[in-house]
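Taking it in order: structure first as structure tokens, then the write-up.
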Amino acid sequence: MWRTYESLIRRIWIFLSPVYTKFLNFNEKISMGDGAIYIGAPIFRGKGSVRMGAKGVLASRPYSNPLHLYRPCIFNALKGAVIQIGDNFHASGCCIIARENVIIGNNVMLGAHVTILDNDMHALSVPGKWGGISSARARKVTIGDNVWIGMNTIILKGVTIGARSIVGAGAVLRNDVPADSRVLSVPPNITSIV
């Protein structure tokens with residue numbers, strides 16, 4: 001019975017995706033390409049802009065992924081920041097937070113619960129007191145075309161991932177990854193260049 005219910009909800013979301021895309025595009029800060037499919041409602045925050053190309057898939061419902069997502073897709077572009085995503089983007093419960101710039105190429109797949117941050121999220125402004133995100137250091141994050149990033153990976157500020165690379169599950173990336181590479185294990189090691 002539960003499976004039938006979830007299947008029905010999924011079909012409704014897919015059916016309504018074109019309408020939801022038009023609804024999102026009313027906001028001048030959000031631009032979603034044609035053919036986008038939403039399984040559950042993603043969250044858009046901040047005063048920056050989020051731009052996604054055509055034919056993207058955003059899975060945001062708990063049962064939209066066999067790993068049972070614990071969060072929807074979250075896009076938070078702070079004032080003046082840009083999150084630019086290419087065509088054919090697929091993500092399940094991702095979290096992308098930009099204070100400056102996050103650029104993601106075409107044909108990129110993010111496994112469940114991938115987090116991408118172009119900033120430190122906070123700064124220690126006074127010893128023992130946390131500063132806000134607006135005072136955090138930020139550097140652009142760039143992900144090339146045809147990249148696959150495994151579940152629970154965290155990509156930190158200033159990282160560039162080259163085209164056609166694969167990042168294994170659970171990696172915490174703080175250094176660049178060359179094109180045509182495989183990154184496996186924790187801490188991440190570039191094990192081979194394809």
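The values are calculated or read from the model by the stated rules, or taken from the named source; none is laboratory data. Source: prediction; values computed, not measured. Positions of Cβ are backbone-derived with ideal geometry, glycine not excepted, and every protein chain shown enters the neighbour counts. Surface accessibility is based on the protein's heavy atoms, side chains included, excluding ligands, DNA and RNA. Shrake-Rupley method; radii C 1.70, N 1.55, O 1.52, S 1.80 Å.
Scan region 75-84 for residues that are more than 18 Å from Ile37 (Cα to Cα) and either touching a helix residue (DSSP H, G or I) at 6+ places or on another chain (Cβ under 6 Å) or surrounded by 21 or more Cβ atoms within 10 Å (Cβ to Cβ) (or both) and the total you get is 3.
Select from region 67-106 the residues that are part of a loop (DSSP other than H, G, I, E, B), aromatic (Phe, Trp, Tyr) and under 17 Å from Ile154 (Cα atoms) and list them in ascending order. Result: Tyr70, single match.
The residue that is nearest to Ala112 (Cα to Cα), counting only those in region 9-62 that are in a strand (DSSP E or B) and of a type in the set (Phe, Trp, Tyr), is Tyr38. Taken over region 136-153, the residue count meeting the criterion of being in a loop (DSSP other than H, G, I, E, B) and in contact with a Gly (Cβ under 8 Å, 6 or more places away or on another chain) is 10.
The residue that is nearest to Ile97 (Cα to Cα), counting only those in region 1-58 that are open to solvent by 50 Å² or more (accessible area, probe 1.4 Å) and of a type in the set (Ser, Thr, Tyr), is Tyr5.
Quick check on Thr160: is it modelled with pLDDT of 95 or more, over 14 Å from the mean Cα position of the chain (by Cα) and surrounded by 15 or more Cβ atoms within 10 Å (Cβ to Cβ)? When the stated conditions are applied, Thr160 passes them.
Applying a threshold of 8 Å to beta carbon distances and a minimum spacing of six or more residues, or different chains, the list of pairs starting in region 115-127 at a residue that is at pLDDT 90 or above and ending at one that is among the polar types (S, T, N, Q) and not in a strand (DSSP E or B) reads Thr115/Thr153.
Please go through region 85-113 and give me each residue that is of a type in the set (D, E, K, R), modelled with pLDDT under 95 and either closer than 17 Å to Gly162 by Cα or surrounded by fewer than 23 Cβ atoms within 10 Å (Cβ to Cβ) (or both), ordered by number. Result: Glu100, single match.
Among the residues making up region 1-34, those that are small (Gly, Ala, Ser) and under 19 Å from Phe75 (Cα atoms) are Ser17, Ser31, Gly33.
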